[in-house]
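Okay, so here's the structure we're looking at.
The values are calculated or read from the model by the stated rules, or taken from the named source; none is laboratory data. Given the structure is predicted, the values throughout are model-derived calculations rather than measurements. Note: ideal-geometry Cβ built from the backbone for every residue, glycine included; neighbour counts use all protein chains shown. In case anyone asks, the SASA skips ligands and DNA or RNA and just uses the protein heavy atoms, side chains included. Shrake-Rupley method; radii C 1.70, N 1.55, O 1.52, S 1.80 Å.
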Amino acid sequence: DVKVTQSSRYLVKRTGEKVFLECVQDMDHENMFWYRQDPGLGLRLIYFSYDVKMKEKGDIPEGYSVSREKKERFSLILESASTNQTSMYLCASSETGLGTLPQHFGDGTRLSIL
Amino acid sequence: KNEVEQSPQNLTAQEGEFITINCSYSVGISALHWLQQHPGGGIVSLFMLSSGKKKHGRLIATINIQEKHSSLHITASHPRDSAVYICAVTRGAQKLVFGQGTRLTINP
């Protein structure tokens with residue numbers, strides 16, 4: 001079974017801090033994704049990566065950056081955390097292949113910015 | 001208007017009832033996904049389909065490409081089916097576009 005592990009289930013940080021959310025997958029997947037989930041808005045794509053050191057902006061990249069130095073690890077960085085970044089953050093991974101392949105999700109990190 | 005619309009947003013039913021959750025989309029897709037999210041946050045993929053119908057246990061998913069519509073059915077519902085069910089579509093490059101989710105509560 002694919003395992004996508006997010007480093008923290010709950011995280012509390014202060015406004016202005018630099019925040020790192022880590023995600024590791026164990027199935028050698030090429031694609032990795034970061035989403036945020038907010039009530040009434042559903043999941044929205046922040047960034048995704050289709051290979052090491054490659055990244056592409058999603059629908060809401062403002063205020064975020066990402067890092068993918070190794071294939072199994074995809075980090076989301078909040079450069080200067082703000083209260084409107086309080087949310088549930090979910091990481092996912094998928095293979096690259098012909099046609100559509102399912103994404104495998106981590107358990108999420110509930111981030112509160114005070 | 002969202003590209004992916006689900007209905008209803010909330011659904012409460014009694015154990016044993018037949019459940020239907022609907023999903024409509026407005027764009028061309030390569031596949032449609034049904035996902036389940038339990039309290040606590042983890043998301044599990046239930047189905048991925050691009051035509052016809054799929055069945056897994058008590059869950060059935062159908063899609064009508066011409067009408068841009070999909071349904072998720074649960075037969076003989078059980079309290080453990082209580083979760084948020086999310087419809088998502090793939091438009092290319094493995095990226096998903098999500099509906100807002102349907103919160104299902106099954107009472108014993």
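When residues of region A:75-106 are filtered for being surrounded by 16 or more Cβ atoms within 10 Å (Cβ to Cβ) and either within 14 Å of chain B (Cβ to nearest Cβ) or not in a strand (DSSP E or B) (or both), how many remain? So the answer is 18. Among the residues of region A:30-68, the ones that are assigned to a strand (DSSP E or B) and more than 14 Å from chain B (Cβ to nearest Cβ) come to 5 in all. Among the residues making up region B:63-77, a single one is crowded, with 17+ Cβ neighbours inside 10 Å and without any contact (Cβ under 8 Å) to a residue 40 or more places away in the chain: B:ILE63.
Checking A:LYS55, A:LYS71 one by one, the residue that is free of Cβ contacts under 8 Å to residues at least 24 places away in the same chain and farther than 29 Å from B:GLN9 by Cα is A:LYS55 and no other. For the structure I just gave you, tell me whether B:ILE86 is more than 15 Å from B:THR102 (Cα to Cα) and modelled with pLDDT of 95 or more. Judged against the criteria, B:ILE86 is not a match. Take the residues of region A:7-29 that are assigned to a loop (DSSP other than H, G, I, E, B) and open to solvent by less than 60 Å² (accessible area, probe 1.4 Å): which is farthest from B:ASN10 (Cα to Cα)? Looking at the filtered set, the residue picked out is A:GLY16. Here region B:36-54 is the region considered, the condition is being facing chain A (nearest Cβ under 7 Å) and surrounded by 19 or more Cβ atoms within 10 Å (Cβ to Cβ), and the residue that is nearest to B:SER71 (Cα to Cα) is B:MET48.
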